[in-house]
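The values are calculated or read from the model by the stated rules, or taken from the named source; none is laboratory data. Note that this is a predicted model, so its numbers are computed, not measured. Counting neighbours? That spans all protein chains shown, and the Cβs are built from the backbone with ideal geometry, glycine included.
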Amino acid sequence: MFGDEVVFELKDVGFSYPSGENALEGVNLSIGRGERVALLGANGSGKSTLLRLLNGLLFTKEGTIEALGHVLSEAIMGNEEFSFAFRRRVGFVFQKADAQLFNSTVREEIAFGPVQLGWPEAEVNRVVDDVISMLNLERFSQRPPFRLSGGEKRLVALASVLSLNPDVLLLDEPTGGLDPRTQRMLIRLIQQLSGAGKTIIVTTHDLQIVEEIADRAMVFSEDHRIVADGPPSKLLSDRDLLMRVNLIDPQFHKHVHDGNHRHYHSHD
Ligand SMILES: Nc1ncnc2c1ncn2[C@@H]1O[C@H](COP(=O)(O)OP(=O)(O)O)[C@@H](O)[C@H]1O
Ligand SMILES: [Mg+2]
């Protein structure tokens, strides 16, 4: 049913929300199987919108989006057989994990996908146990997801996606709000999943972790275009680029001189 080598192919994709808010302009990209890609850009540059388009949650009339060999459209995602199969292959962890948690315990949340697919109970239990131990979720597996902290919710959302063992993972700001140890665990997990051959696309504005989680980075400008695409080490050493797109502000340090006024000094 699905093509194998090219995972996503976008041609001249633009997108505006119904409110008229522009979110993407002139996006051309191709992502192959097994790639690890970081999407970098300031707030509002269009990263989350791109992930929603890749996942068939939003559709555009501007340009075409091919995923796993199929042009994504409202019509094709409306086909239950296709969308079921597609959602199994492409897992998406939202920036706001709340939006995807609705079961009464963490364990049920993680089991939800496999149960929907009608897997035998023993198989469901095995997979759920595996995912719980992989993400160290034992201590809250019987608690309601909505009573967890933001970081914990994010892990549960990731666990509920991993239980279906998708080939493609779209992770929206996965490390935001995590403590250092949990963040380290997540970085290792991303490396492990990538090592297992999965295609991983991660948005972040945490430049510190990009080289650890990606072999390719794409940089969005604040006017919603992809303005750079290449190895993270190369893009991250391009200070002009990063300043232009509002990802770093290294030269200005704020100094409070007295209670009444502030100065901004340039340092080199
Ligand atoms: N649901 C929405 N309705 C209207 N505008 C939106 C919505 N979501 C995002 N936007 C707008 O689209 C642009 C891109 O947003 P987004 O993709 O969320 O950026 P990022 O994830 O890079 O912070 C922003 O200008 C944002 O305000
Ligand atoms: Mg976002």
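Brief remarks follow.
- Those helices (runs of 4 or more DSSP H) of region 1-106 in which 2 or more residues are within 14 Å of ligand 1 (Cβ to nearest atom) and in contact (Cβ under 8 Å) with a residue 12 or more places away in the chain occupy 47-54.
- Contact map, region 164-181: first residue in contact (Cβ under 8 Å) with a residue 40 or more places away in the chain and within 15 Å of Thr204 (Cβ to Cβ), second residue among the charged types (D, E, K, R) and away from ligand 1 (no atom under 12 Å from the Cβ), Cβ cut-off under 6 Å, separation 6 or more or different chains; pairs are Leu169/Lys198.
- Residues located in region 116-126, provided they are surrounded by fewer than 19 Cβ atoms within 10 Å (Cβ to Cβ) and modelled with pLDDT of 95 or more: Pro120, Glu121, Ala122, Glu123, Asn125, Arg126
- Among the residues examined, Gln100 qualifies as surrounded by fewer than 21 Cβ atoms within 10 Å (Cβ to Cβ) and under 28 Å from His70 (Cβ atoms).
- Of the helices (runs of 4 or more DSSP H) entirely within region 152-252, those holding at least 3 residues that are over 25 Å from Gly91 (Cα atoms) and not basic (Lys, Arg) occupy 232-236, 239-244.
- The single residue among Gly46, Gly34 that is on the phi > 0 side of the Ramachandran plot and more than 15 Å from ligand 2 (Cβ to nearest atom) turns out to be Gly34.
- Index of the failed condition, Ser48 passing every other in (1) surrounded by fewer than 23 Cβ atoms within 10 Å (Cβ to Cβ); (2) farther than 28 Å from Gly195 by Cβ: (2)
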